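Remarks on the structure that follows.
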Amino acid sequence: MKINNICCIGAGYVGGPTMSVIADRCPHIQVNVVDINQERINSWNDSNLMNLPIYEPGLDQIVGRCRGKNLHFSTDLERHISQADMIFISVNTPTKTKGIGAGKASDLKWVEASARKVASFARGHTIVVEKSTLPVRTAEVIQQILQVEERSGKKQEQGPTFDVLSNPEFLSEGSAVKDLEEPDRVLIGGDNDEAIEALSRIYKKWVPEENILHTNIWSSELAKLTANAFLAQRISSINSIAALCEATGGDVREVARAIGSDSRIGARFLDSGPGFGGSCFKKDILNLVYLSRFFGLSEVADFWGGVVTLNQWHQHRVSTLIVKKLFGTLASKKIAVLGFAFKANTNDTRESAAIQICKDLIDEGAILFIHDPKASPNQIEIDLGIKPLDKCIDGSNSKETSKDGTWCFASKIIDAADQADAILVLTEWEEYTQINWLEIANRMRKPAWVFDSRSILKYEEVIHAGLNFWRIGMG
Ligand code: UDX
Ligand code: UDX
């Protein structure tokens, strides 16, 4: 099973960076990334590397090195599936919005559609690799779809024949390239040793052999859901303690440092924030909840469901306390929102805590001036479902705006802060740690507040500038 040609279906946050790194590390393999979205493919092919559809530090250099040599982006699924020895399925698997399992189960329609395309166009022996996060035993579904073609034997003399592997992706957005280049582990689930070895050989080009784990296919599928559930659980745990710190006079950062130095707990992933976001955590936990209920394990389902419930409560908690500090009303008050992406170093806003918090503040009548170095005004408009004010789309002054409960995009922090009653930091972008608070304070309407939901600001500087200050988890 020598792999010379790879096809990846889905040129998203997972497929794009993963295939770029494989192409970079395996110059002998031709890698074709295909997608049904022509616009996305055009962006991947844009001669200006600043216009790639995904912002990830270091990704533009890799794409620049490999594109047109052994890395290609295209919408020609049929051709690239038929040429491939190995096909990665990396399409999105959103939570179902209707029907059985609505709001919890993963919608597998794109995975099924991809498997059917593979079944129709693949030739010879093909290894199909699940990259998307999937419910346990999805590989079986894929296998069944592929087997129909195997049995019919098509018009070819032999085959097609298939092996299905699970190879979940643990990359984290914003550090995708580093996570791919130096993974803690690579997980490969499957039952055919030859196919597992073929995929392992690719990773062995840059990953130490002892970091490549082999399991059965269902353990691999479940490990992905479990990893995300455990990580999200840590965030809900520390955020719950932040609320308790605020009530009792503790400081969550001190508590986190104290517990994190216990090597059994570990220091990472203990930063209290505005609530976890991103495309995976909520979706994967809801999936786990759905599976647990399906198998009659209601206590297990309730346990994990609590992680999501706490996260939602925590987001509302942040918006509620802002209303309280601003004298119980936000009507016609201007609030500068710094950061809309679900975390720093990404333009991704999926499930960002900023969405719920901004909606709450708008509902209370606030006029939000939203700044983010990477998230686009267009995307923010889609997420909020509210048209921005035309007048200040360029970030100009709010004095002309008299409307309640609205927002606009500010391209400069200073414009967002001009005449603002409060500044709310929602994403931990590096540039927010460099703010000159004396300059900002001069432009704000007094009494003015700074709300730091990410614990990134130097609070002495903010206080020194004459501003009121609140930080998450600081009693
Ligand atoms: C990934 C994983 O695949 C998902 O399971 C995980 O939980 C989150 O991360 P991601 O790469 O973030 O998904 O998704 P997205 O950026 O939406 O990319 C998916 C791409 O697949 C899109 O560009 C979409 O156009 C494409 N697609 C979808 C196809 O090419 N064919 C389809 O049939 C469906
Ligand atoms: C996550 C997993 O980390 C990754 O392994 C998996 O493949 C996909 O899902 P990602 O969603 O990119 O990655 O982001 P991550 O860094 O895990 O952060 C998720 C959310 O938790 C963000 O909103 C982040 O701000 C928040 N978070 C993270 C905290 O609030 N505090 C922390 O200490 C860490």
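General observations
- When segment 422-437 is filtered for residues that are touching a helix residue (DSSP H, G or I) at 6+ places or on another chain (Cβ under 8 Å) and touching a residue at least 24 places away in the same chain (Cβ under 8 Å), the ones remaining, listed by number, are A422, I423, L424, V425, L426, T427, E431, Y432, W437.
- Residues of segment 323-340 that turn out to be among the aromatic types (F, W, Y) and farther than 13 Å from W407 by Cα, as a count: 1
- Number of residues in segment 415-456 that are buried (at least 20 other Cβ atoms within 10 Å of the Cβ) and either of a type in the set (S, T, N, Q) or assigned to a helix (DSSP H, G or I) (or both): the value is 9.
- Segment 295-335: number of residues that are in a helix (DSSP H, G or I), touching a Leu at 6+ places or on another chain (Cβ under 8 Å) and under 24 Å from R471 (Cβ atoms): 3
Okay, residues lined up against (1) open to solvent by 20 Å² or more (accessible area, probe 1.4 Å); (2) not assigned by TED's automatic domain parsing to the domain that holds M474:
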{"position": "D184", "(1), (2)": "yes, yes"}
{"position": "I188", "(1), (2)": "no, yes"}
{"position": "K205", "(1), (2)": "yes, yes"}
{"position": "L231", "(1), (2)": "yes, no"}
{"position": "S237", "(1), (2)": "yes, no"}
{"position": "A247", "(1), (2)": "yes, no"}
{"position": "I265", "(1), (2)": "yes, no"}
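- Test result for L310, modelled with pLDDT under 95, assigned by TED's automatic domain parsing to the domain that holds D383, closer than 21 Å to T226 by Cβ and surrounded by fewer than 23 Cβ atoms within 10 Å (Cβ to Cβ): no
- Condition check for L59: over 19 Å from the mean Cα position of the chain (by Cα) and in contact (Cβ under 8 Å) with a residue 12 or more places away in the chain: no
- Within segment 180-285, helices (runs of 4 or more DSSP H) holding 3 or more residues that are in contact (Cβ under 8 Å) with a residue 24 or more places away in the chain, of a type in the set (G, A, S) and closer than 18 Å to E169 by Cα: 217-248
The values are calculated or read from the model by the stated rules, or taken from the named source; none is laboratory data. In this text the structure is predicted, and so the values were computed from the model without any measurement. Glycine also receives a Cβ, built like all others from the backbone with ideal geometry; neighbour counts cover every protein chain displayed. Surface areas here come from the heavy atoms of the whole protein model, side chains and all, with no ligands, DNA or RNA. Shrake-Rupley method; radii C 1.70, N 1.55, O 1.52, S 1.80 Å.
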